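Colleague: Okay, here's the structure, questions in a sec.
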There are 2 protein chains.
Amino acid sequence: MTRRTTGTTTIQTVADAAGVSIASVSRVLNGLTANEETIKRVNDAVKAVGYVPNSAAKSLKTNQTGQVAFAMENIGNAAYLAMVQAIQPVLRAGGYRLLLHSTDADVQDEIDVLRSLGQRYVDGLILCPLRVTRRHVAELKRAQAPVVVIGQLPKSCPNDNVRVASRPGVALAIQHLADNDRTRIALVDGPVDTVPGKARYAGYQDGLKQAGLEEDPDLVLFADFTVDGGAKAARALLQQKRPPDAIFAANDLMALGVLQAAREAGLDVPGDVAVVGMDDTELAATAWPPLTSVSLGAQERGRLAAELLLERLSEPDRPRQWVTVEPRLVVRASSGEAT
Amino acid sequence: MTRRTTGTTTIQTVADAAGVSIASVSRVLNGLTANEETIKRVNDAVKAVGYVPNSAAKSLKTNQTGQVAFAMENIGNAAYLAMVQAIQPVLRAGGYRLLLHSTDADVQDEIDVLRSLGQRYVDGLILCPLRVTRRHVAELKRAQAPVVVIGQLPKSCPNDNVRVASRPGVALAIQHLADNDRTRIALVDGPVDTVPGKARYAGYQDGLKQAGLEEDPDLVLFADFTVDGGAKAARALLQQKRPPDAIFAANDLMALGVLQAAREAGLDVPGDVAVVGMDDTELAATAWPPLTSVSLGAQERGRLAAELLLERLSEPDRPRQWVTVEPRLVVRASSGEAT
DNA sequence: CGGCATCCCGTAAACGTTTACGACTCATGG
DNA sequence: CCATGAGTCGTAAACGTTTACGGGATGCCG
């Protein structure tokens, strides 16, 4: 005896309309073995009653959601945005939907996301943490779903990982400035207690050393990763008695702030002071003068992370993958010749 | 007799550990009536076994997913990005997760998203369509979940709606240019077969009329909403025998392209030609010269749409809401005095 | 004609929750 | 002492799928 059909159209509705059992409907829908005749009747019935499978029920049985989450600090940041843009098409091609988590750089929030994987509302997670604490590591180890981490990661973490060598990337920029005869090269860095902030400072020191330049503590300032942060820092730098002839900003946003401060001070870029940014976002190309910037391959990292995740999902026991993306210096007008 | 506990920790695991029935566990977890003693034992058990409720099972019973989707053309567009940034915190505060759909301006994709609401993987949808076809209307009417539409919508659609009067917004800009003694004001519009494209053209005509200027067909070009599109169109405009002394671009991206073309042609902005953009994105403020732009309140629209959706979700039968956001002219240097 | 393999299909159980219903305890009041 | 009601709790059904299992046709071969 067939179950009574309720208000919502379920697989049972289809079964009744096609005159077959719900098992047959399910089989046809999932492309399993079935008679030509039944296939046709089921497909017709599906159309006729306008059936759409309920994803919650499907998830409950199959333990798969067809969803993947991406957690980052703030999607307003162009670097993360580039990642999202790269991640989306890969996931979609793999039949997954994309969920977004903005953590606002709140460590607790990142941890919560990791914890909530136990709810099984996603099949996997791409996580892009600003800093990796001991709690991160602990949660990563016991995560209930595959997690791909974008960024530096301790070797003890069992997760797939995509990283970029930002430190040599900074050095690349410093070297480039030195090659153009800049000798007082300043650094406008982000917060020093973040992983990127630390790496950039180290790269700055590397670059100076390679170029045979001395580090001048007056030329290193820390701000936050915003236009205003960059502008404030640059104003301070440019007012010094011995101002820099080049400024490397840890971020395109900050570099824009630097450009702004230079204009205010009546300085020509690159004539009086060269400026180089980092991330090579859309902003760099459209700035004036067009901004030389170190590309950290955000798009590429996003794409790779998504691909790694999909591969892991289809093959859970494969060995852990680590991928490194190479930084690339994109030279534009802002780092041209001095006058 | 209690059911055998399987590998995964379910509500049954908790029940066994606490020595109560699964019904009691569920009641405690959902804050329903229960004895102090039981509450404590359940909570302890939850901690002890590390229980996290399975969201698929919950969804299946309650018919709620705790998820909301936002579908737009392409998150790379700063206007949509601003919406996402505004939507996210509202949803999160309401306890919802955010799902992202990039439709790439593919009408079929938008329709598919609407259709897929039948799968019930989200409780509601915020849709930001580029154009609204007859099929859109049809699907909107039979949508299986509440949909809030951002953008122009026929009155026949039963959906909540947030719109912006972009047409008077454009007129505002034209008026502003005319007030500054510009007489040959060009329009670089987006595709004319899109809703925004049409509205901007109409607003352009309105503005000219208000200012007592004649429309010159040579001064109206259509391109796509990109930097390159704007640059190409501007090059064509500036090479004419009677070039414009002002250019309104339908979009900040296109306006950046216009700025670029003006620089290539050795023209001063705003001395030789004034430029005004639209959307007032981050790009406008950081451009050089800083770009005058018409704000269409993307953030505000996003926030309002999210709020409308949450209200609709908690009160499904409330009357349909229509909200209009007022455009605002943000004057910066690019539309200053002519020389 | 019997035995056996093959092909389809239907029955029913299971996934992990929520919740209606009824049962039980205990206190209260007539 | 019984009836009533309030406060808790457990049993079991239900949500809409997928899938293991077995049974009924059918065809083929010995």
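The values are calculated or read from the model by the stated rules, or taken from the named source; none is laboratory data. Since the model is a prediction, treat every value here as computed from it, not as a measurement. Because the Cβ atoms are built from the backbone with ideal geometry, glycine has one as well, and the counts that use them run over all protein chains shown. Please note that ligands, DNA and RNA were not included when accessible areas were found on the heavy atoms of the full protein model with its side chains. Shrake-Rupley method; radii C 1.70, N 1.55, O 1.52, S 1.80 Å.
Colleague: Testing the spin-label approximation: label points 7 Å from Cα along Cα→Cβ at A:ARG263 and B:GLU264. State their distance in nm.
Modeller: Inter-label distance under the simple model: 2.1 nm.
Colleague: Additional query: I'd like the residues of segment A:64-95 whose 1.4 Å-probe accessible area shrinks by no less than 10 Å² going from the isolated chain to the full set of protein chains.
Modeller: At a threshold of 10 Å² (probe 1.4 Å), the residues of segment A:64-95 that become less exposed are A:GLN67, A:ASN74, A:ILE75, A:GLY76, A:LEU81, A:VAL84, A:GLN85, A:GLN88, A:ARG92.
Colleague: A further question follows. In percent, how large is the relative contact order of segment B:20-106, given Cα pairs closer than 8 Å and 6 or more residues apart?
Modeller: 26 percent
Colleague: For the interface of chains A and B, what total accessible area is buried with a 1.4 Å probe, rounded to the nearest 100 Å²? Before the final figure, lay out each step's value.
Modeller: Numbers: alone 16700 and 16670 Å², together 29900 Å².
Counting both chains, the buried surface is close to 3500 Å².
Colleague: Starting from the Cα of B:SER156, step 7 Å along the direction of its Cβ; do the same at A:ASN74; then give the gap between the two resulting points in nm.
Modeller: Inter-label distance under the simple model: 4.5 nm.
Colleague: Counting only helical runs of four or more DSSP H residues, what would the 222 nm mean residue ellipticity of chain B come to if each run contributes -39,500 (n - 2.57) and the total is spread over all its residues?
Modeller: Values: 13 runs with 150 residues, N = 339.
-13500 deg cm²/dmol, from helical runs alone.
Colleague: On to the next question. In nm, one decimal, shortest first: how far is the label point of A:VAL195 (7 Å from Cα along Cα to beta carbon) from the matching points in the other copies?
Modeller: 4.1
Colleague: With +1 on each Lys and Arg Cβ and -1 on each Asp and Glu Cβ, how big is the dipole of segment A:11-53 about its Cα centre, in debye rounded to the nearest 20?
Modeller: Its charge dipole is roughly 80 debye.
Colleague: Same structure, new question: When the accessible area of chain A is computed with all protein chains present and a 1.4 Å probe, what percentage of it is carbon and sulfur?
Modeller: The nonpolar share, carbon plus sulfur, comes to 51 percent.
Colleague: Helix A:107-116 against the longest principal axis of chain A: what's the angle in degrees, Cα atoms only, rounded to the nearest 10?
Modeller: 20 degrees
Colleague: Can you list the residues of segment A:259-307 that have at least 30 square angstrom less accessible area with all protein chains present than in their chain by itself, probe 1.4 Å?
Modeller: For segment A:259-307, once contacts with the other chains are taken into account, A:ARG263, A:GLU282, A:LEU283, A:THR286, A:TRP288 lose 30 Å² or more.
Colleague: To one decimal place, what Kirkwood hydrodynamic radius in Å is obtained for the protein assembly as shown from all pairs of distinct Cα atoms?
Modeller: Working: mean 1/r = 0.0359 Å⁻¹.
The Cα-based Kirkwood calculation yields 27.8 Å.
Colleague: If you put +1 on each Lys and Arg Cβ and -1 on each Asp and Glu Cβ, how big is the dipole of segment A:295-339 around its Cα centre, in Debye rounded to 20?
Modeller: With Lys and Arg at +1 and Asp and Glu at -1, about 80 debye.
Colleague: Let me ask something additional. Express as a percent, rounded to the nearest 5, the fraction of DSSP beta bridges in the protein assembly as shown (both residues included) that run antiparallel. Don't skip to the answer; put the middle values down first.
Modeller: Values: 9 of 75 bridges.
So the antiparallel bridges amount to about 10 percent of the total.
Colleague: Further question: How much length is gained on full extension from B:ASN180 to B:THR133, taking 0.36 nm per residue of separation minus their Cα-Cα distance?
Modeller: This chain segment gains 13.0 nm when fully extended.
Colleague: Still on this structure: Against the 2.2 N^0.38 Å scaling, with N counting residues, where does segment B:11-53 land? I'd like the Cα-based Rg ratio to two decimal places.
Modeller: Dividing the Cα Rg of segment B:11-53 by 2.2 N^0.38 Å gives 0.95.
Colleague: Over segment B:11-53, give the accessible area per residue in Å² for a 1.4 Å probe, as an integer.
Modeller: 57 Å²
Colleague: Kindly sort B:HIS136, B:HIS176 by accessible area of their heavy atoms, largest first, with the probe set to 1.4 Å. Please list the in-between numbers first.
Modeller: On the way: B:HIS136 0, B:HIS176 30 Å².
Greatest to least solvent exposure: B:HIS176, B:HIS136.
Colleague: Give the Kirkwood hydrodynamic radius (Å, one decimal) of segment B:213-339, defined as one over the mean of 1/r across all pairs of different Cα atoms.
Modeller: Roughly 16.0 Å, rounded to one decimal.
Colleague: If you don't mind, another one. Along Cα→Cβ, 7 Å out, is where each label goes; now give me the distance between the ones at A:LYS141 and A:TRP322 in nm to one decimal.
Modeller: Roughly 1.8 nm, to one decimal.
Colleague: While we're looking at this one, here's another question. Given an 8 Å cut-off on Cα distances and at least 6 residues of separation, report the relative contact order of segment B:153-221 as a percent.
Modeller: Over segment B:153-221, the number comes to 40 percent.
Colleague: Let me ask something else about it. Just round it to a whole percent: the fraction of Cα-Cα distances in chain B exceeding 40 Å.
Modeller: Tail fraction, whole percent: 31.
Colleague: What accessible surface, in Å², does a 1.4 Å probe find on A:ARG320, ignoring ligands, DNA and RNA and rounding to the nearest 10?
Modeller: We get 100 Å² for A:ARG320.
Colleague: Right, next: Placing +1 at every Lys and Arg Cβ and -1 at every Asp and Glu Cβ, with all other atoms neutral, what dipole size does the protein assembly as shown have around its Cα centre, in debye to the nearest 20? It would help to have the intermediate numbers written out before the result.
Modeller: On the way: 74 positive and 78 negative charges, 654 e Å.
In debye, rounded to 20, the protein assembly as shown gives about 3140.
Colleague: Just which residue of chain A brings its Cβ nearest the axis of rotation onto chain B, and by how many angstrom, rounded whole?
Modeller: A:TRP288, 2
Colleague: Put +1 on the Cβ of every Lys and Arg and -1 on every Asp and Glu Cβ in the protein assembly as shown; which of B:GLN205, A:ASN159, B:ALA274 then has its Cα farthest towards the positive end of the dipole?
Modeller: A:ASN159
Colleague: Per-residue accessible area for A:LYS232 at 1.4 Å probe radius, Å² rounded to 10?
Modeller: 130 Å²
Colleague: What figure, in Å² to the nearest 10, do you get for the accessible area of B:LEU32 with a 1.4 Å probe and non-protein molecules left out?
Modeller: The accessible area of B:LEU32 comes to roughly 100 Å².
Colleague: Moving to a separate point now. When only C-alpha pairs under 8 Å and at least 6 residues apart count, what is the relative contact order of chain A, in percent?
Modeller: Relative contact order comes out at 16 percent.
Colleague: Express the accessible area of segment B:235-299 per residue in Å², computed with a 1.4 Å probe while the remaining protein chains stay in the model.
Modeller: I get 31 Å² per residue for this part.
Colleague: Label-to-label distances across copies for A:ARG134, with labels 7 Å out along Cα→Cβ, in nm, shortest first?
Modeller: Counterpart label points of A:ARG134 in the remaining copies fall at 6.8 nm.
Colleague: While we're here: 7 Å along Cα→Cβ for the label point: how many nanometres lie between B:GLU37 and each equivalent label in the other copies, listed shortest first?
Modeller: Taking the point 7 Å beyond Cα along Cα→Cβ, the inter-copy spacings are 6.4 nm.
Colleague: Right, next: Applying 1/(1 + (r/R0)^6) with R0 = 51 Å to the Cβ-Cβ distance of A:GLU315 and A:LEU213, what FRET efficiency is obtained, to the nearest 0.05?
Modeller: Rounded to the nearest 0.05, the efficiency is 0.55.
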